[in-house]
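The values are calculated or read from the model by the stated rules, or taken from the named source; none is laboratory data. This one's a predicted model, so the numbers in the text were calculated from it and none came from an experiment. For neighbour counting, all protein chains shown are included, and Cβ atoms are generated from backbone atoms with ideal geometry for every residue, glycine included. Heavy atoms of the whole protein, side chains included, go into the accessibility calculation; ligands, DNA and RNA do not. Shrake-Rupley method; radii C 1.70, N 1.55, O 1.52, S 1.80 Å.
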Amino acid sequence: MTFTESIYRKVSNINSVSTDDFSIDWLGQSRSYYSSLKARQIEASNAALVKLMNKLTEQKQVMEIGNKHPHLQMVARKYDALAKEVAVEVANRATKQNLGNIQVRGMLMKAITDLHDKAHPTAPPIIIC
């Protein structure tokens, strides 16, 4: 079973989703995208997985907004866990052994960290004399 198929099954266990809807609404692709991947036993693209992460985080937020019902909070945690699982997959793909030598992988990790730091800068420490 591919990673993408595993994630589809987990999403569908939370909220029944057809393969066509998964392709369109969750992966941001054509109707037959997921079915084609599954038939050929290949993985979704990184771009599709990032769209999937966006959808998972959106679903998490929907479950959390103004609702403290325990079941909805549990569903929100499941969507969050899946989003993190997809993030790890994308990160692993970006830094896998055969992608480049150790310097290239280090550069990729630094670039990701730098992008994050630019998007979410932290305030410098305040020094009081």
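So with the 1.4 Å probe, I'd like the accessible area per residue for the chain, rounded to whole Å².
Working: 8630 Å² over 129 residues.
Per-residue accessible area for the chain comes out at 67 Å².
Using a/c under 1.5 as the rounded threshold, could you call the range 28-92 rounded, prolate or oblate? The axes a ≥ b ≥ c are square roots of the C-alpha gyration tensor eigenvalues, and prolate needs a/b larger than b/c, oblate otherwise. Since a/c reaches 1.5 and a/b is larger than b/c, the shape of the range 28-92 is classed as prolate.
Given that just one value was derived from the coordinates, which of (i) 12, 43, 35, 8, 2, 0; (ii) 11, 33, 29, 19, 5, 2, 0; (iii) 13, 47, 35, 5, 0 is P(r) over Cα pairs in 10 Å bins from 0, in percent? Here P(r) over Cα pairs in 10 Å bins from 0, in percent agrees with entry (ii). In sequence order, the range 110-120 has phi-based couplings of 5, 4, 5, 4, 4, 4, 5, 5, 5, 6, 9 Hz under the Karplus curve 6.51 cos²θ - 1.76 cosθ + 1.60, θ = phi - 60°, and Gly or Pro positions carry x. Each Cα pair under 8 Å and six or more residues apart adds its separation to the average, and for the chain the resulting relative contact order is 18 percent. Under 17 Å Cα to Cα from residue 60, which lysines show up? Leave out anything in the same chain fewer than 8 places away. Cross-link targets: 10, 51, 68, 78, 84. Collect residues whose amide H, placed 1.01 Å from N in the peptide plane, falls under 5 Å from the amide H of residue 27; neighbours closer than 5 in sequence don't count. Residues meeting the criterion, in which the H sits 1.01 Å from N, do not exist here. As an equivalent ellipsoid, the range 7-46 spans semi-axes of 16, 11, 9 angstrom, where each value is the square root of five times an eigenvalue of the C-alpha gyration tensor, largest first. Spin-label pair residue 47-residue 12: with each label point 7 Å from Cα along the Cα-Cβ axis, the two points sit 2.6 nm from one another. Percent of accessible area on the chain owned by carbon and sulfur, 1.4 Å probe? Exposed carbon and sulfur together represent 59 percent of the surface. Here is the list for the range 43-87: trypsin sites (Lys or Arg not before Pro) lying in DSSP coil, each with at most 11 other C-beta atoms within 10 angstrom of its C-beta, are 68.
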